[in-house]
1. Solvent-accessible area per residue for the chain at a 1.4 Å probe radius, Å²?
2. What is the Cα coordinate range of segment 89-161 on the first, second and third principal axes, sorted by size from largest, in whole angstrom?
3. Suppose we look only past 39 Å in the calculated P(r) of the chain. What percent of the Cα-Cα pairs does that tail hold?
4. In the P(r) worked out for segment 221-269, what percent of Cα pairs fall beyond 16 Å?
5. To two decimal places, what compactness ratio does segment 324-407 give when its Cα radius of gyration is scaled by 2.2 N^0.38 Å?
6. Please compute the alpha carbon radius of gyration of segment 78-125, then divide it by the globular-protein estimate 2.2 N^0.38 Å. Two decimals is fine.
7. Name the helices (complete DSSP H segments) of the chain with a Cα length along the long axis of 30 Å or more and a Kyte-Doolittle mean of at least 1.6, or state none.
8. Working from the alpha-carbon coordinates of segment 251-357, get Rg over Rh, Rh being the Kirkwood radius.
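The values are calculated or read from the model by the stated rules, or taken from the named source; none is laboratory data. Here the structure is a predicted model, which means the values were calculated and not measured. For the accessible areas, the whole protein counts, side chains as well, though only heavy atoms, and no ligand, DNA or RNA atoms are used. Shrake-Rupley method; radii C 1.70, N 1.55, O 1.52, S 1.80 Å.
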Amino acid sequence: MSGNKVRRIVIWAAFGLAAAVVLVLLLAPDPVPVDMATVRRGPLQVVLEHEGVTRAREPFTISAPVRGRVLRIELEPGDPVAARQTVLATFLPTQPVPLDARSRARAEAALRSVREELDRARAERDRARAQHDLAAADYERILSLEQRGVASRQELDAAEADARTAGETLAAADAGVRAARQRVERAAAALLEPDDRDGGGGGTAGAVLVIRSPVDGVVLRRLHRSEAVVGAGEALLEVADLSQLEVAADFLSTDAVRMRPGMRARITRWGGEDRLEGRVRRIEPSGFLKLSALGVEEQRVWVIVDFEGPIAAREALGDGFRVEVGVVVYDTDDALKVPTGSLFRSSAAWAAYAVRDGEARLVELELGKRNDLEAEVLSGLEEGDRVVVHPPDRVSDGVRVEARSTS
């Protein structure tokens with residue numbers, strides 16, 4: 001074969017190969033435009049967030065000590081109070097209630113009965129005293145005879161036992177007299193009448209009671225304002241020291257088990273511009289059932305968070321204010337992390353599409369901690385790798401991809 005013919009064959013072969021390459025390129029699908037992110041090292045926090053409410057750590061409810069008339073309370077919610085100085089309420093114990101004829105007759109009969117019991121108790125005491133005196137005299141006499149050798153030791157022991165028994169009987173009789181006297185006083189108290197000058201109303205039966213604040217703070221709530229007769233134990237005011245605020249938030253029990261006392265917390269969305277710092281003080285050991293807004297039953301646990309930092313930063317907060325609480329359950333400054341939007345489930349493992357040589361390659365991952373935006377990668381990717389974020393349906397293993405244009 002001549003040289004010219006060989007050259008023509010080579011030229012035509014080159015043209016054919018070039019045409020084939022051009023044809024393949026023309027028929028190949030275009031790269032899929034995707035969003036990409038770079039695997040980087042940096043800080044990673046896992047924060048569990050939920051709505052909470054502020055509350056005074058040690059509120060005091062001021063109640064009526066006995067039944068009586070409380071005078072008008074002039075203090076307003078928010079007014080400052082000083083411990084053992086500020087008068088919270090002035091209280092007038094009520095006079096006895098007037099008795100009707102039947103109640104008076106019953107009370108008078110009860111008084112006569114207990115007076116007779118007192119007379120019998122006194123007579124029993126006199127008899128016991130006489131027996132005691134006689135037994136004591138017999139003991140002294142037999143003791144003298146026993147010392148002279150006239151009486152036996154057995155007779156002396158019997159006389160001593162009789163004297164001791166007589167003394168115990170006398171002590172019991174004295175106690176019976178005291179108990180009977182108290183019953184007489186109680187029955188007589190039932191016959192007390194209101195002071196005629198009060199006209200049967202709610203005047204004073206004794207000294208005026210002045211109730212002072214037990215703590216430095218402010219009035220939280222005024223439960224009674226106008227003058228009124230109240231029962232014993234009825235609440236009048238609530239006071240508290242608002243410098244000792246705490247936050248209570250009911251977390252899901254599955255989140256609460258990840259928390260420990262002493263963990264850092266952050267308080268946001270409370271109305272101020274700055275984020276407030278806090279620390280978990282207590283995770284309550286008992287949960288409770290609560291219905292969510294969608295009607296789903298949830299088991300929840302109260303988590304109590306203390307504020308940290310200067311009080312001036314939160315001085316606008318009061319008792320019962322809504323806040324958002326975030327408890328930091330994990331915090332590191334050096335985590336290999338990817339966006340959570342690049343992750344998906346493949347079989348039983350987490351996976352992502354790594355971009356290598358312009359193609360999407362499926363890689364299975366071992367993940368550590370994660371939050372809503374980022375996840376820690378323990379294996380499967382390296383720093384500097386690029387991954388597809390929110391991969392579309394057109395992306396699969398081996399598909400050509402390119403970064404989406406931002407223009």
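1. On the way: 24740 Å² over 407 residues.
Per-residue accessible area for the chain comes out at 61 Å².
2. Its Cα atoms span 74, 37, 14 Å along the three principal axes.
3. On the way: 51666 of 82621 pairs.
Summing the P(r) tail past 39 Å for the chain gives 63 percent.
4. Numbers: 778 of 1176 pairs.
Tail of the P(r) past 16 Å holds 66 percent of the pairs.
5. Values: Rg = 14.1 Å, N = 84, 2.2 N^0.38 = 11.8 Å.
For segment 324-407, the normalised Cα radius of gyration is 1.19.
6. Numbers: Rg = 22.5 Å, N = 48, 2.2 N^0.38 = 9.6 Å.
In units of the globular-protein estimate, segment 78-125 measures up at 2.34.
7. Numbers: long enough: 3-27 (36 Å, 1.71); 101-148 (71 Å, -1.12); 153-189 (55 Å, -0.53).
Span-like helices, by this rule, are 3-27.
8. On the way: Rg = 18.6 Å, Rh = 17.2 Å.
Result: Rg/Rh = 1.08.
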